[in-house]
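Here the structure is laid out as structure tokens; the discussion comes afterwards.
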Amino acid sequence: MTQASDRGLPGTRPEGVTDEREAAAQVREMFGRIAPRYDLLNHLLSLDVDKMWRRRVAKRFSVILRDPQARVLDLCCGTGDLAFAFRKQAPRGAQITGSDFVPQMLVRARAKAAASGATVDFVEADALALPFDDASFDLVSCAFGFRNLANYERGLREIHRVLKPGGSIAILEFAEPPGKIFGALYRFYFRDVLPRLGGWISGNTSAYSYLPRSVSKFPSPELLQQEFQRAGFFGVQFQRWTGGIVTVHTGRK
């Protein structure tokens, strides 16, 4: 997220920011500040449903994960919850790696791995310039972090680069639910309740005001599906979960 480019579908930027480098720096700083309360707020504000969403992603790719030679990368991994869900599904020989460009998140991810005995490697890395060879992974995932990339097209092309031929991509993201009544309730909670509650608990109101803005500006599932195809993926699909609050996007190289 640190390299600027005028090409590709731009990512969501903090309010008033247009430059990719500046946007990346602000997002990194913002998530670094909320890292100490990140897990608590994720589980509290989603009523613990976020754990189920991650388990469903892991279960969906259980065939890949059961291969003892599997190599899996979880981008924008935060404190590692999706990577840990993968680890529970995978045999000892499978390699699970989590990457994030916020060092404070990785400190907590590594602490959780040490406490639980989970064998997950955590690497500090820019999702738009990954330090991995071409065709390195059988599965690349990203849960609730893709919308923070400074350039969505470049992010997808970088994922495509590091995937093996036949490898799978899975992006789990928040979305605006389509139903009129449920959508209105969701928007009230997301735009009015969540920023206040998240700001009060974390001490950082700006981070939780950024969250609903970033979701509202994120491409629709239909548009993101087109971006997947443009980046070279095939068999591209999306599925709405929990009334459309989140969408899982999948495809293959």
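Would you check if there is a residue in region 158-172 being surrounded by fewer than 20 Cβ atoms within 10 Å (Cβ to Cβ), at positive phi and in contact with a helix residue (DSSP H, G or I) (Cβ under 9 Å, 6 or more places away or on another chain)? Scanning region 158-172 turns up no residue that is surrounded by fewer than 20 Cβ atoms within 10 Å (Cβ to Cβ), at positive phi and in contact with a helix residue (DSSP H, G or I) (Cβ under 9 Å, 6 or more places away or on another chain).
Taking every residue in region 34-48 that is at pLDDT 80 or above and pairing it with any residue that is among the aliphatic types (A, V, I, L, M) and part of a loop (DSSP other than H, G, I, E, B), at least 6 positions away or on another chain, the pairs with Cβ-Cβ distances below 8 Å are Ala35/Val102.
Residues that are out of contact with any strand residue (DSSP E or B) (no Cβ under 6 Å at 6 or more places or on another chain) and surrounded by fewer than 24 Cβ atoms within 10 Å (Cβ to Cβ) were ranked within region 129-151; the one that is nearest to Gly78 (Cα to Cα) is Phe144. Criterion first (over 21 Å from Lys217 (Cβ atoms), at pLDDT 95 or above and outside any strand (DSSP E or B)) does Lys112 satisfy it? Against the criterion (over 21 Å from Lys217 (Cβ atoms), at pLDDT 95 or above and outside any strand (DSSP E or B)), Lys112 qualifies.
Conditions (1) crowded, with 17+ Cβ neighbours inside 10 Å; (2) over 18 Å from the mean Cα position of the chain (by Cα); (3) among the hydrophobic types (A, V, I, L, M, F, W, C); (4) farther than 25 Å from Ser141 by Cα, marked per residue:
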{"site": "Val215", "(1), (2), (3), (4)": "yes, no, yes, no"}
{"site": "Pro221", "(1), (2), (3), (4)": "yes, no, no, no"}
{"site": "Gln237", "(1), (2), (3), (4)": "no, no, no, no"}
{"site": "Trp241", "(1), (2), (3), (4)": "no, no, yes, no"}
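For (1) surrounded by fewer than 23 Cβ atoms within 10 Å (Cβ to Cβ); (2) more than 17 Å from the chain's Cα centre (by Cα); (3) among the charged types (D, E, K, R), each residue gets a yes or a no:
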{"site": "Lys88", "(1), (2), (3)": "yes, yes, yes"}
{"site": "Gln95", "(1), (2), (3)": "yes, yes, no"}
{"site": "Leu106", "(1), (2), (3)": "yes, no, no"}
{"site": "Arg110", "(1), (2), (3)": "yes, yes, yes"}
{"site": "Ala113", "(1), (2), (3)": "yes, yes, no"}
{"site": "Ala127", "(1), (2), (3)": "no, no, no"}
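Take Gln69 and tell me if it is modelled with pLDDT of 95 or more, touching a Gly at 6+ places or on another chain (Cβ under 9 Å) and surrounded by fewer than 20 Cβ atoms within 10 Å (Cβ to Cβ). The answer is yes for Gln69.
Evaluation of Pro195 against the conditions (1) buried (at least 16 other Cβ atoms within 10 Å of the Cβ); (2) closer than 24 Å to Asn151 by Cα; (3) free of Cβ contacts under 8 Å to residues at least 24 places away in the same chain shows that the sole unmet condition is (2). For region 173-190, a residue qualifies if it is without any contact (Cβ under 8 Å) to a residue 40 or more places away in the chain and either touching a Cys at 6+ places or on another chain (Cβ under 7 Å) or surrounded by fewer than 16 Cβ atoms within 10 Å (Cβ to Cβ) (or both), and the qualifying residues are Lys180, Ile181, Ala184, Leu185, Arg187, Phe188, Tyr189.
The values are calculated or read from the model by the stated rules, or taken from the named source; none is laboratory data. Since we're looking at a predicted model, the values are computed, not measured. In this analysis, Cβ positions are derived from the backbone assuming ideal geometry, glycine residues included, and neighbour counts consider all displayed protein chains.
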